[in-house]
Amino acid sequence: MRNAFAQTIEALAAADERVVLLSGDIGNRMFDRFKERFPTRFYNTGIAEQSMISIAAGLAMCGLRPFAYTIAPFITSRCLEQIRVDLCYHELPVVFAGVGAGLGYAELGATHHACEDIAMLRCLPGMTVLCPGDAMEVRAAVPATLSLQGPAYLRLGKKGEPVVHADVPKDFAIGLGLVVCEGEDVCILSTGNVLPIAIDAGKLLAQRGVCTRIVSMHTVKPLDTALLDDAFSRFACVATIEEHSLIGGLGSAIAEWLVDGPPRRARLVRVGTPDAFPHEAGDQAYARQQIGLTPESIMQRIWQTYMSLSKEKVPA
């Protein structure tokens, strides 16, 4: 995902001279080509992330379109006051990209985890929260942010994520979910780089005769309420999958939407990270295994709910 971001922002800068890139002393090699082509439009602000957001705000006030980039917790929780006051209050079109969101840097411990960032940011007025599902969605999301008149958070994985889409989705639009595959029994709404896990969980459900619709909810704010209306009317079970706390993320956003509306057919199942700091070190795959964010665990959660709602008893 981070390579897709670097390549896309370079192409965007070539097409639009308003585009500037700020980095929090990270990705220097990755942005070498950008620096060579646009030396006056790249700012390495060092490990001063709060200042980076404020600088981006000033650049936006001058008519530029700034993109700020660094590790997810350092560009979100560390800069929350600047994001709230400098960007949201002034409704400035600044995109700040957090790399390694969720458990992307799991091996570096809790300081480098970002499992609360969606919760922090989606409650801010005027904020758009984007969580692409793979590198192709990143390539679509970056240029799409130029249509926004306010701030946006771009939540990125780290590297090596499986590519789900064969090409850049032509029907990508901020605020509209992408249907990855159709199904008629249950619906999985995935956000961010757990999309491949959601797809694998769907395949395991298919082996048990459960046909699963998979949707990439790449926009957590604003929600695609038309898609949600359809899903909760058509399916017996709707599950949300995210590498984010169960408190305040996609599942919470949908639960809030659900409780404010009329009774729906579907039962909601939320899968995410627990309300606890991990105290064991390990890579992302290990961390996911420990908390049950795997295709097998997700399949079991959905299967149990689906079967409890079914009138027919089907052997496991």
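Summary table below
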{"read-out": "Residue pairs meeting the criteria (Cβ under 8 Å; at least 6 apart or on separate chains; first open to solvent by 70 Å² or more (accessible area, probe 1.4 Å), in segment 253-273; second in a helix (DSSP H, G or I) and of a type in the set (D, E, K, R))", "value": "265/234"}
{"read-out": "Output for segment 21-59, where each listed residue is hydrophobic (A, V, I, L, M, F, W, C) and part of a helix (DSSP H, G or I)", "value": "34, 52, 53, 55, 56, 57, 59"}
{"read-out": "Every residue from segment 121-139 that is among the aliphatic types (A, V, I, L, M) and open to solvent by 10 Å² or more (accessible area, probe 1.4 Å)", "value": "124, 135, 136"}
{"read-out": "Number of positions in segment 274-314 that are closer than 20 Å to residue 235 by Cβ, surrounded by fewer than 18 Cβ atoms within 10 Å (Cβ to Cβ) and hydrophobic (A, V, I, L, M, F, W, C)", "value": "3"}
{"read-out": "Filter pass, residue 47 being aliphatic (A, V, I, L, M), touching a helix residue (DSSP H, G or I) at 6+ places or on another chain (Cβ under 9 Å) and open to solvent by 60 Å² or more (accessible area, probe 1.4 Å)", "value": "yes"}
{"read-out": "Residue match in segment 168-175 (condition: out of contact with any His (no Cβ under 6 Å at 6 or more places or on another chain) and either among the polar types (S, T, N, Q) or part of a helix (DSSP H, G or I) (or both))", "value": "no"}
{"read-out": "Selection status of residue 246, closer than 25 Å to residue 184 by Cβ and either modelled with pLDDT of 95 or more or hydrophobic (A, V, I, L, M, F, W, C) (or both)", "value": "no"}
{"read-out": "Residues of segment 137-155 satisfying the condition of being in contact with a helix residue (DSSP H, G or I) (Cβ under 6 Å, 6 or more places away or on another chain), among the hydrophobic types (A, V, I, L, M, F, W, C) and not in a helix (DSSP H, G or I)", "value": "152"}
{"read-out": "Residues of segment 193-221 satisfying the condition of being over 25 Å from residue 174 (Cα atoms) and either among the β-branched types (Val, Ile, Thr) or in a strand (DSSP E or B) (or both)", "value": "210"}
{"read-out": "Where residue 161 falls short, out of the listed (1) out of contact with any helix residue (DSSP H, G or I) (no Cβ under 6 Å at 6 or more places or on another chain); (2) charged (D, E, K, R); (3) under 19 Å from residue 192 (Cβ atoms)", "value": "(1)"}
{"read-out": "Residue within segment 185-199 that is closer than 17 Å to residue 232 by Cα, in contact (Cβ under 8 Å) with a residue 40 or more places away in the chain and open to solvent by 10 Å² or more (accessible area, probe 1.4 Å) present", "value": "yes"}
{"read-out": "Number of the condition not met by residue 118 [criteria: (1) touching a Gly at 6+ places or on another chain (Cβ under 6 Å); (2) open to solvent by 10 Å² or more (accessible area, probe 1.4 Å)]", "value": "(2)"}
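The values are calculated or read from the model by the stated rules, or taken from the named source; none is laboratory data. The structure presented is a predicted model; accordingly, all values stated were derived computationally and were not measured. Every residue, glycine as well, gets a Cβ built from its backbone with ideal geometry; the counts of neighbours run over all protein chains shown. The protein model used for the area step is the full one, side chains on, heavy atoms only, and it has no ligands, DNA or RNA in it. Shrake-Rupley method; radii C 1.70, N 1.55, O 1.52, S 1.80 Å.
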